[in-house]
């Protein structure tokens, strides 16, 4: 049985150096004039297909951030999500006369993926050790542990060779569902939207390769780099 991504929910949080959204009414009007529908006027949430957009819900960044989410999308819809992000960049540039690239401070990308594997996910996640996982090339540069709930958590080690990545980090969590699917959460924090888009372009391959490597290690077919 092949590794198959059943669905994904992706949330991209953008943080800006200064407020680029004049007010929520202007934001809603700009989005709705470009094919978006209003989901919640109170929270300024607009939607387009499976994608939602709104000012950041983080209070510390109130008025200075934006949340773009893809809800329960299929693997082949990731390219549509990338196009959706680029559409929002265009709207902000043309309607609000701002550039996300110029004003961007940081990006936080969180992906939750539900995956069907080749064997029972519960057996794999329960049996594999954190030490075995970090020995795999797919998780090079991470440290790992199993939390009290049985979930495997991996956190990236700081890199000293690239000053541009000093403030970047990644966190991965591996668990399984009641339906015996893998639940893989990947959280990347970066200072570059270009890096986010690059990661999204290779997201499906990355997720499936991670699960395949973990399955192979659990079954004893792969034991090290």
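The values are calculated or read from the model by the stated rules, or taken from the named source; none is laboratory data. All figures in this text were calculated on a predicted structure; none of them were measured in a lab. Backbone-built Cβ (ideal geometry, glycine too); neighbour counts: all protein chains shown.
Restricting 143, 115 to those that are in contact with a helix residue (DSSP H, G or I) (Cβ under 6 Å, 6 or more places away or on another chain) and assigned to a strand (DSSP E or B) reduces the list to 115. Of everything in region 47-65 that is at pLDDT 90 or above and within 22 Å of residue 18 (Cβ to Cβ), the residue that is surrounded by the fewest Cβ atoms within 10 Å (Cβ to Cβ) is 54. Selection of region 176-209 for residues being more than 13 Å from the chain's Cα centre (by Cα), part of a helix (DSSP H, G or I) and surrounded by 15 or more Cβ atoms within 10 Å (Cβ to Cβ) yields 208, 209. The condition of being more than 19 Å from residue 197 (Cα to Cα) and in contact (Cβ under 8 Å) with a residue 40 or more places away in the chain holds for only one of 70, 44, 19, that being 19. Annotation: of all residues in region 103-113 being surrounded by fewer than 20 Cβ atoms within 10 Å (Cβ to Cβ) and within 13 Å of the chain's Cα centre (by Cα), the one that is nearest to residue 181 (Cα to Cα) is 112. Considering only region 30-42, state which residues are surrounded by 13 or more Cβ atoms within 10 Å (Cβ to Cβ) and within 13 Å of residue 96 (Cβ to Cβ). Across region 30-42, the qualifying residues are 30, 31, 34. Scanning region 73-91 for residues that are in contact (Cβ under 8 Å) with a residue 40 or more places away in the chain and touching a helix residue (DSSP H, G or I) at 6+ places or on another chain (Cβ under 6 Å) gives 75, 78, 82, 91. Taken as a whole, the condition of being surrounded by fewer than 16 Cβ atoms within 10 Å (Cβ to Cβ), within 27 Å of residue 70 (Cβ to Cβ) and in contact with a helix residue (DSSP H, G or I) (Cβ under 9 Å, 6 or more places away or on another chain) applies to residue 151. Starting from residues that are touching a helix residue (DSSP H, G or I) at 6+ places or on another chain (Cβ under 6 Å) and more than 18 Å from residue 90 (Cβ to Cβ), keep the ones in region 1-16 and report whichever is surrounded by the most Cβ atoms within 10 Å (Cβ to Cβ). Going through the qualifying residues, I end up with 5.
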